[in-house]
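In what follows, a structure is listed as structure tokens, so that the remarks can point back to it.
Since every read-out is calculated from the coordinates, none of them should be taken as a lab result. All figures in this text were calculated on a predicted structure; none of them were measured in a lab. Glycine also receives a Cβ, built like all others from the backbone with ideal geometry; neighbour counts cover every protein chain displayed.
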Amino acid sequence: MPTRLLTTVEEARDLSRSWRASGRNVVLVPTMGDLHEGHLSLVRAGLDVGDVVVSIFVNPMQFAPGEDFESYPRRLEADRARLEEVGAAAIFAPSVEEIYPPGETTRVEVRQLSAPLCGQHREGHFLGVTTVCTKLFVGCEPDVAIFGQKDAQQCLVLWRLVRDLRLPVDLVFSPTIREKDGLAMSSRNRYLEGEQRDRAVTLARALGRGRQLLESGERDVATIEREMRSLLAAGADRPDYVELRRVPDLERLDLAEGRVLLAAAAYVGRARLIDNLCLEVGEAVREVPLLDAHTLQAVRARHAV
Ligand code: PAF
């Protein structure tokens, strides 16, 4: 079936209501386009739950001044071909005016969770994310929305948003898809030139070092962060942060215990890359989903698929 292209909120809402009226779950996969295997894995997960609409919108509000809004890759035709192959039923690709009508002034802000990590380095970023995602949820009325766990802080911020506003959408956080050497897939990997591609894997290595330390019994967060930081500094051009934080509130810890997030962000060349590992730290250390209630399996069970 050809993938339908929708450009207005009214069209997206009509389609969503018609799917639901015929007993199908509506699944939204929000993206900014330039789709890679990581995005397609979200679509495949979505097809396990219902009919999938992929939004493609490069959201100006979530880019800080001087960031790559203008140069962010826009490839609607190539994206459409890939989505057709995978089986997404529709693309919602609105204009900037459709999402931000002239004269609009409404913002949706999640406090606290938006403040640390990327929030400290990208002014206004999460305000842009939470505002646009609220508009997408209200506009497309999905039963389920799927996000990649690579953006772990974004996932937690959106989890808080949905709970606080009691929005009737169930969130799935899907595992990070990696290249063979461990580099997390990202549209910004396109910016890496020559030897930068090899150095980009430093983020995953720094997080892996943190995990090794935890596995060998180290619990002192300052020690773990110091080691991760020195690895990151050796490979990246400009590290923004590499930290260990508690899940789900992203508070700081002195000693690592329970569910924790190792998270890193750094520039390699002009690419700002992020990565993370979510671990359960007890007597043993194991990789776990960000939130157990928001895996694909948990959401499938709630939606009687
Ligand atoms: O993760 C992204 O691609 C964006 O932040 C999102 C969720 C599509 C909002 O613009």
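Given A12, A45, A64, which one is within 16 Å of the ligand (Cβ to nearest atom), assigned to a helix (DSSP H, G or I) and under 20 Å from S186 (Cα atoms)?
It is A45.
Can you name the residue in region 140-151 that is among the aliphatic types (A, V, I, L, M) and within 11 Å of the ligand (Cβ to nearest atom) and, of all such residues, is surrounded by the most Cβ atoms within 10 Å (Cβ to Cβ)?
Here the answer is I146.
Can you confirm whether region 71-88 contains a residue that is within 17 Å of the chain's Cα centre (by Cα), within 11 Å of the ligand (Cβ to nearest atom) and either among the hydroxyl-bearing types (S, T, Y) or within 17 Å of V9 (Cα to Cα) (or both)?
Yes, some residue in region 71-88 is within 17 Å of the chain's Cα centre (by Cα), within 11 Å of the ligand (Cβ to nearest atom) and either among the hydroxyl-bearing types (S, T, Y) or within 17 Å of V9 (Cα to Cα) (or both).
Can you give me the number of residues within region 1-26 that are surrounded by fewer than 18 Cβ atoms within 10 Å (Cβ to Cβ) and in contact with a Cys (Cβ under 6 Å, 6 or more places away or on another chain)?
0
So in region 97-131, with the set limited to residues that are touching a Ser or Thr at 6+ places or on another chain (Cβ under 6 Å) and part of a loop (DSSP other than H, G, I, E, B), which one is nearest to A263 (Cα to Cα)?
V110
Surrounded by fewer than 18 Cβ atoms within 10 Å (Cβ to Cβ), under 18 Å from the mean Cα position of the chain (by Cα) and farther than 15 Å from N189 by Cβ: does that describe D249?
yes
Anything in region 207-223 that is more than 18 Å from E283 (Cβ to Cβ) and free of Cβ contacts under 8 Å to residues at least 24 places away in the same chain? List them, or say none.
Result: R209, T223.
Among (1) surrounded by fewer than 21 Cβ atoms within 10 Å (Cβ to Cβ); (2) within 14 Å of the ligand (Cβ to nearest atom); (3) over 22 Å from V242 (Cα atoms); (4) not acidic (D, E), where does L167 come up short?
Single failed check for L167: (2).
What is the one condition in (1) within 15 Å of the ligand (Cβ to nearest atom); (2) among the hydroxyl-bearing types (S, T, Y); (3) not in a helix (DSSP H, G or I) that T134 does not satisfy?
Condition not satisfied by T134: (3).
Can you tell me which residue is farthest from the chain's Cα centre (by Cα) among those in region 170-196 that are away from the ligand (no atom under 14 Å from the Cβ) and small (G, A, S)?
G194
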